[in-house]
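What follows is a single structure, written as structure tokens, with notes after it.
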């Protein structure tokens, strides 16, 4: 499992990572009205390939699991159920379960 490097500053940002040999971006945004972080998966060119998904600890991110630009593993959110804006990257995170780890299950 690979931990995605996250921070809680600023309220909106994106990062680039390589997962199972696939270059992707993740755009993160804090939505105060919903009191939650939301993540959008981007392809290598920076185009959205998913709709925003709420970062809900203990659950997989609600993104499609196959398609052009998608890495073959799964994304899960970890941390306490009740979190705040400043918890991302500290108590709350997103990890990537590789295709090999999934196959071994």
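The values are calculated or read from the model by the stated rules, or taken from the named source; none is laboratory data. Computed from a predicted model, the values in this text were never measured in an experiment. Cβ coordinates were reconstructed from backbone atoms using ideal geometry, including for glycine residues, and neighbour counts include every protein chain displayed.
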Here are some conditions: (1) more than 14 Å from residue 20 (Cα to Cα); (2) part of a strand (DSSP E or B). Residue 81 meets all but one. Which one does it not meet? (2)
Note on segment 42-68: residues closer than 21 Å to residue 101 by Cα and surrounded by 17 or more Cβ atoms within 10 Å (Cβ to Cβ) are 57, 61, 63
Restricting to segment 39-55, give me the number of residues that are within 27 Å of residue 105 (Cβ to Cβ), touching a strand residue (DSSP E or B) at 6+ places or on another chain (Cβ under 6 Å) and part of a loop (DSSP other than H, G, I, E, B). 3
Looking only at segment 17-38, decide whether some residue is within 13 Å of residue 92 (Cα to Cα), touching a strand residue (DSSP E or B) at 6+ places or on another chain (Cβ under 7 Å) and assigned to a loop (DSSP other than H, G, I, E, B). no
Looking at (1) out of contact with any strand residue (DSSP E or B) (no Cβ under 6 Å at 6 or more places or on another chain); (2) at pLDDT 95 or above; (3) part of a loop (DSSP other than H, G, I, E, B), which is the only condition residue 9 fails? (2)
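Being over 21 Å from residue 12 (Cβ atoms) and touching a strand residue (DSSP E or B) at 6+ places or on another chain (Cβ under 6 Å) narrows it down to one residue among 73, 67, 58; which is it?
Exactly one of 73, 67, 58 is over 21 Å from residue 12 (Cβ atoms) and touching a strand residue (DSSP E or B) at 6+ places or on another chain (Cβ under 6 Å), namely 73.
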So residue 55 fits all but one of (1) under 27 Å from residue 86 (Cβ atoms); (2) over 10 Å from the mean Cα position of the chain (by Cα); what number is the exception? (2)
Which residue out of 69, 58 is in a loop (DSSP other than H, G, I, E, B) and either free of Cβ contacts under 8 Å to residues at least 40 places away in the same chain or more than 21 Å from residue 23 (Cβ to Cβ) (or both)? 58
